[in-house]
Every structure is written in structure tokens, then in C-alpha cells.
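Beneath this line is the structure, given in C-alpha cells, with notes to follow.
Where a number appears in this text, it was derived from the coordinates with a stated rule and is not lab data. Just so it is clear, the model here is predicted, and its values are computed rather than measured. Glycine also receives a Cβ, built like all others from the backbone with ideal geometry; neighbour counts cover every protein chain displayed.
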Amino acid sequence: MAAMGPEDWALAARWLSPSERALFQRMQRPDQIHCARVARWLLAEGEADEIIVRAALLHDVGKARYRLGVVHRTLYVLLAPLFRAFPPLFMGASGESHWWMPYYVIANHPRLGASMLAQAGCDERLWRLVELHQQDPQLVGGIPDVQWTRDALAKLRRADSHN
Ligand SMILES: [Fe+2]
Ligand SMILES: [Fe+2]
């Protein structure tokens, strides 16, 4: 497996607050590496908005809610429409230990990540980008800074899909 290089850690240290860095550290290696690549890609494109770079570093932090294995991730990609179709109720009372949990976490990682960030006291614009990172920017509405959010989301999603 690829490792986080010193330049990846430097990126996290440079852009994230201590509480954001603590959340970054909770992510699994593949997610840290992916998030660092997304942030670096944006910076290489000349991105200067600090919130967008920080959102890139943290956009998949919701996946840290479960220790996802390669099998979970692969199966999810193959069966994504099916997993997304089931409501959380399907998990019943057994919660964290239910076989469904890893797929629930992957399907809902934008919302889970946003609530982790909001609880850590992060900037609202930052956790909003994380919350919405799988949505079509044009469908976003009813929140403060709508136009900024749509533009920022378009950039973040483009960077995410390239990395
Ligand atoms: Fe994601
Ligand atoms: Fe991502």
C-alpha cells in the first residue's frame, strides 16, 4: 500500500487547525492519501481559497467512522445503487456490529463527516462542502453563501474525480 509521504503530512500541518488535523489523523491511510492528492491537485490548479483546500483534505473524513477493508470498498463500488437504496433502518438495533454498517458508512460518509467537523467546531462553509461533496452543485440551495458553495463544490468535485 502507498504511504503518506512527508509532503502529505506537511500539507495537513500547513492547512489544518489542530482539531481538524486530529480528524485527518483518524482517517485510514488510503483515504488520507486520496485527500492529500485532491488538495495538492487543487493547489496545482492555483486554488487560493483556504476553505476549499481544507475541505479537500477532509472531505472523506466520514469514512473514519468504520475500519473499512478492501472488500467493503470494492463491494460497495460494485453494488453502490443497491446500498444507497436501503434506509438506515435496515440496520436495526445492532448498530456498529451489523454487517451492513461499513456500507452504511460509505454511503453516508458526506453527512457523517460533516457532523464530525461541525462537532469539532469547524467553519460552517467547510463542513457544508464536506456534507455536499457528492451532490450536483446546481441542486444546492437553501443555505448561506449559495453561490460560493456551488462554485467551491464544482472545484472540489472535479478534483475528487481526478484523484
Ligand atoms: Fe467522498
Ligand atoms: Fe474523495
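Laid out as a table, the results:
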| quantity | calculated |
| --- | --- |
| The chain: C-alpha pair distances exceeding 19 Å, % | 55 |
| Packing-based order for 8-19, 36-47, 52-63, using average beta carbon neighbours within 10 Å, highest first | 52-63, 36-47, 8-19 |
| For peptides 65-73, 122-130, 155-163, sequence by mean Cβ density within 10 Å, most packed first | 122-130, 155-163, 65-73 |
